[in-house]
Amino acid sequence: MNRAPEYLWMPLERATEEVTMAWDRLVEQHGSGPFQSRQWIASWHRNLAPSASIELVVARQADHISGILALATMTRNLHRRMPLPLPYLGLAGSGPGAGDHLGPVAESDAVGRGLLETATQRRGAVMFESLDPRWRAAALAATSGTVVRRTNCPRNERLPPSSFTDAMTPRARKNARRRARKLAALGVEARWTPPGPGFADALRDLRSLHEARWRRDGQRGLFADERQRFLLDYARAARSEQGPWLLTLSVGHQPIASLLGIVF
């Protein structure tokens, strides 16, 4: 008979090698995307939310770690016209530069519920923002809370060896092929840049194109220095071929379009 897990608190900086290895395994086998990974959370903390205090709730069973929840103590103004900071406990990776589908990574729903319930035992306000929809019901039950806002994330799910275009309609695939031929006739070349050599240069091209686009509307855009540092940091920390990739379209050596994606 499986024993119920024991739920332990620990600061992120004191996570042992056993915990980091378990975190990687849980994200790979039971996670919902890259935003739950320790690489994303650590880079987010260093570059976007350095004042946040991050703790892990670790579910330990007799012989292994069966779940992890990364939490952050942060502050937020009660209202944009009322600069009174409210301290609260939230999901690490939410708030500034928020990711999607945050929350527990756990071997079972029962362990995930236990992690969320343990989080609510800390005093003060608790906000499960950008939560993975899998844990919505468990979070509501644990907090006796209310859903404030819901955002649906577009998904394109398929199994190997299917391709992204398999989810398109025949007409959409035809239009994509037509546009590809037109770009080739104009001398447009596509280049994929993975984490590693060349990534920083490709990211600078993306930022230049982003800022030029926003300047046309008289605005600064959203690509601040800390966002660029965050993405470079995450690219360095990403595991093997996973992490941020950049698709750049160029005519000659002049970039004309760029797209950032994350392989997971």
- Just from its helices, what would the mean residue ellipticity at 222 nm be for the chain, if runs of 4 or more DSSP H residues each count -39500 (n - 2.57) and the sum is divided by every residue, rounded to the nearest 500 deg cm²/dmol? -10500 deg cm²/dmol
- Quick one: grab the alpha carbon gyration tensor of region 158-253, order the square roots of its eigenvalues as a ≥ b ≥ c, and give me rounded if a/c is under 1.5, else prolate or oblate depending on whether a/b is larger than b/c. oblate
- Task: Could you tell me whether region 1-76 comes out rounded, prolate or oblate from its Cα gyration tensor? Rule is a ≥ b ≥ c as square roots of the eigenvalues, rounded for a/c under 1.5, then prolate if a/b exceeds b/c, otherwise oblate.
- Result: prolate
- Message: If I fit a long axis through the Cα atoms of helix 17-30 and take the longest principal axis of the Cα atoms of the chain, what angle between them do I get, 0 to 90°, rounded to 10?
- Response: 60
- Query: For region 32-131, with every protein chain kept in place, what is the accessible area per residue (1.4 Å probe, Å²)?
  - Reply: 44
- Item | In region 174-264, trypsin sites (Lys or Arg not before Pro) in a DSSP loop with at most 10 other beta-carbon atoms within 10 Å | ARG216, ARG220
- Item | Solvent-accessible area of TYR88 with every protein chain in place, 1.4 Å probe, in Å² to the nearest 10 | 20
- Among HIS210, HIS101, HIS79, determine the one that fluctuates most according to a GNM of the chain built with springs between C-alpha atoms less than 10 Å apart. HIS79
- Query: Taking the Cβ of ARG60 as the center, what net charge do the other residues with Cβ under 11 Å away carry, scoring Lys and Arg +1 and Asp and Glu -1?
  - Reply: -2
- Message: Probe radius 1.4 Å, ligands and nucleic acids ignored: give me the carbon and sulfur share of the accessible area of the chain as a rounded percent.
- Response: 52
- Query: So, counting K/R as plus one and D/E as minus one, what does the shell of residues with Cβ under 15 Å around TRP192 add up to?
  - Reply: -3
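The values are calculated or read from the model by the stated rules, or taken from the named source; none is laboratory data. This one's a predicted model, so the numbers in the text were calculated from it and none came from an experiment. In this analysis, Cβ positions are derived from the backbone assuming ideal geometry, glycine residues included, and neighbour counts consider all displayed protein chains. We work out accessible area using only protein heavy atoms, side chains counted, and drop any ligands, DNA or RNA first. Shrake-Rupley method; radii C 1.70, N 1.55, O 1.52, S 1.80 Å.
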